[in-house]
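Peer 1: Before I ask anything, let me first share the structure, which is written out below as structure tokens.
Just so it is clear, none of the values below were taken in a lab; they were calculated from the coordinates. Just so it is clear, the model here is predicted, and its values are computed rather than measured. As a convention, Cβ positions derive from the backbone with ideal geometry for all residues, glycine included, and neighbour counts pool all protein chains shown.
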Amino acid sequence: WNRLRLLNTPHAAMMKTRGPNSFRQLFSLGQTMNYAARLLAVFGCFCILSGCNLSESDAEANPAPISVATPDDSDDAAASVDDAPAPSTHSPSPAPIEESESTDDIGPELIAQVDEAVEPAAVETDDESPIEVDSQVAEAAADAQVADTAAESRYTYSEDHDPNGIGKFYMGREIAQVMGHQGIAWLERPEREEEERLSLLIECLDIEPGITVADIGAGSGVITTRLCDAVGDDGTVVAVDIQQEMLDALQLKCHELGYRNVELVLGTVESPQLAEGTLDLIILVDVYHEFDHPYEMLLEISRSLKPGGRVAFVEYRKEDLTVPIKEVHKMAEAQVRLEAEQPEFQLEFVETINDLPRQHVIVFQRIQPTEEP
């Protein structure tokens, strides 16, 4: 009272009017309300904590229904794993529990769902399981390894070999070195027609106009241009070589001479890169003995032939000692037949033409598929 009296405030004036007893009553009433508010706050916290404990106990007593993933949903579930957020380190609040009217009805249905989940074999799915995919990949890898092993077993190697060969041997003969594009001048030599009678070669093959012919190992195109004349404008000549420089020289020649029925193909040492079943005739002039992978090449060549299509091996006669060609660049007829008549090639011997001065032409035909009765 003495403190309030010293202050010149409206509160002091009010206290003077009401007197000290009225002030003390107001002060006691405010203190009581403050204590009551504190008690209410403590009671409220206690109720909240009790409610949380009650919810957790109810959740343990009444667990939520189990959701069983069926095999049809396995792909969606697997896909959602990668997109799911990282797990939180805090425990989530318990989800509200939906109680069914009868727990006895849930039991059999849940058991049926679990039975379907543990027996995926009974469910037909369009997608292959990861286990099946892994097994197929393993089988493909094993097959590739077997194929590589078989391919390596076909060839042998020796450091003691002909200087014009590569030291790699196939079915008893050494594979010859490939003539590079630096030898174009020798391929285009003027006396070649007299020495090899290339025009007679085209006549011996009985090429019909309008067919599709492949010249594998085309080089600068000495044979290719003659084939273009033989098939005519309605026919097609596919010129294949593994050297881009050779194809560039051939393209320039065809442009200068006006040939437009030529297709140029850059092959590899294992494949001529020809479409399957598209060719009527394939001609190999002085080139088969240089194939680095003769087995793989001949397998691809036979596949590219139409049923009844022909392949002609034109090789310098190894049987004729007077032929002025290095031995590793010659092939005997028996050797060509030994290599070409392997059953997987499905090639049937037709004839050997000996009308050329230095070369023989050994012709095979793709076996016609047998018709089922």
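Peer 1: Within the stretch 238-304, which GluC sites (Glu not before Pro) sit in a loop by DSSP and count at most 11 neighbouring Cβ atoms inside 10 Å?
Peer 2: Here the GluC sites (Glu not before Pro) that fit, given the DSSP loop and packing criteria, are Glu276.
Peer 1: Cβ under 15 Å from Thr322's Cβ, Thr322 left aside: what net charge do those residues give with Lys, Arg +1 and Asp, Glu -1? Numbers along the way, then the final one.
Peer 2: Working: positive: Arg317, Lys318, Lys326, Lys330, Arg358; negative: Glu195, Glu196, Glu319, Asp320, Glu327.
So the surrounding residues net to 0.
Peer 1: Something else now. Hey, how many Å between the Cα centroid of the stretch 293-308 and the Cα centroid of the stretch 319-340?
Peer 2: After rounding, the separation between the Cα centres reads 21 Å.
Peer 1: Report the dimensions of the stretch 242-373 along its three principal axes from the alpha-carbon atoms, largest first, rounded to Å.
Peer 2: 52, 43, 27
Peer 1: Between beta-carbons, use under 10 Å as the cut-off and find the net charge around Leu264, counting Lys and Arg +1, Asp and Glu -1. Mind showing how you got there, number by number?
Peer 2: On the way: positive: none; negative: Asp241, Asp248, Glu263.
Once all neighbours under 10 Å are counted, the net charge is -3.
Peer 1: I want the local charge near His181. Using Cβ-Cβ distances under 11 Å, sum +1 for each Lys or Arg and -1 for each Asp or Glu among the other residues.
Peer 2: Working: positive: none; negative: Asp241, Glu245, Asp248.
Overall, the nearby charge balance is -3.
Peer 1: Once you have all Cα-Cα distances for the stretch 297-373, histogram them in 5 Å bins from zero and send the whole-percent values.
Peer 2: The calculated distribution, bin by bin, is 3, 15, 25, 20, 16, 11, 6, 2, 1, 1, 0.
Peer 1: Hey, got the Cα dimensions of the stretch 169-309 along the principal axes, in Å, largest first?
Peer 2: Ordered largest first, the stretch 169-309 gives principal extents of 40, 36, 27 Å.
Peer 1: Once the Cα atoms of the stretch 281-330 are picked out, what are the Rg and Dmax in Å?
Peer 2: 12.7, 38
Peer 1: Separate question: State whether the stretch 210-288 is rounded, prolate or oblate according to the following rule on the C-alpha gyration tensor (a ≥ b ≥ c being the square roots of its eigenvalues): a/c under 1.5 gives rounded; otherwise a/b larger than b/c gives prolate, and the remaining case gives oblate.
Peer 2: Oblate, since a/c reaches 1.5 and b/c is not below a/b.
Peer 1: Shifting gears a bit: Can you pull out the GluC sites (Glu not before Pro) in the stretch 331-373 whose DSSP state is coil and whose Cβ has at most 11 other Cβ atoms within 10 Å?
Peer 2: Filter output for the stretch 331-373: Glu371.
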